[in-house]
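Data first, discussion second: the structure below is written as structure tokens.
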């Protein structure tokens, strides 16, 4: 890592300067809260947020409690978009299959979607919410994401727990969703069970 060829722009007195090598950053006395940007980064980040710099300079990434939570309307819109995309994919596949199958097979395929679509959506949520994006495509469009109580990315285990806990939210007659109106962090019941939050992207 010490021989990393990466270079970084460094914000000094409010102005981007550089790019600097790792050794040059060291000589400049880079601090955890200094803003940096490398060629592969979409935007500036504090130095402690960059894994390479955190490891080289032994920065500690502070835990900042999330403060900007996704509202029920944002979550509902994201869910609707996800349902639309998933159902759209299956409708296209079903249409193609109808061309090459008989009527009995078509009926069986259509009925099977009643079970396949919800299962696919659960798997989709688990995979996407535990990914680096921390969000399904619907959530990404709305600019919200799932995190733990410290604002960090959740693992696959917590993602599974969160999505299975949605069964409880549904069994309460959807009161498990509406409860988000009555708590400051706007958590649904399944978020409370899993220890997760849905927050506005890029804001903690």
field: Options 17, 24, 67; residue that is assigned to a loop (DSSP other than H, G, I, E, B) and either loosely packed, with under 14 Cβ neighbours inside 10 Å or not assigned by TED's automatic domain parsing to the domain that holds residue 184 (or both)
entry: 67
field: Residue in the stretch 1-21 that is farthest from the chain's Cα centre (by Cα), counting only those that are modelled with pLDDT under 90 and closer than 14 Å to residue 51 by Cα
entry: 2
message: Please verify whether residue 76 is in the same structural domain as residue 121 (by TED's automatic domain parsing) and either closer than 25 Å to residue 121 by Cβ or in a helix (DSSP H, G or I) (or both), treating the condition exactly as stated.
response: yes
task: Considering every residue within the stretch 86-109, establish whether at least one is in contact with a strand residue (DSSP E or B) (Cβ under 6 Å, 6 or more places away or on another chain), within 30 Å of residue 188 (Cα to Cα) and free of Cβ contacts under 8 Å to residues at least 60 places away in the same chain.
output: no
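The values are calculated or read from the model by the stated rules, or taken from the named source; none is laboratory data. In this text the structure is predicted, and so the values were computed from the model without any measurement. With ideal geometry, Cβ positions are generated from the backbone for all residues, glycine too; neighbour counts draw on all protein chains shown.
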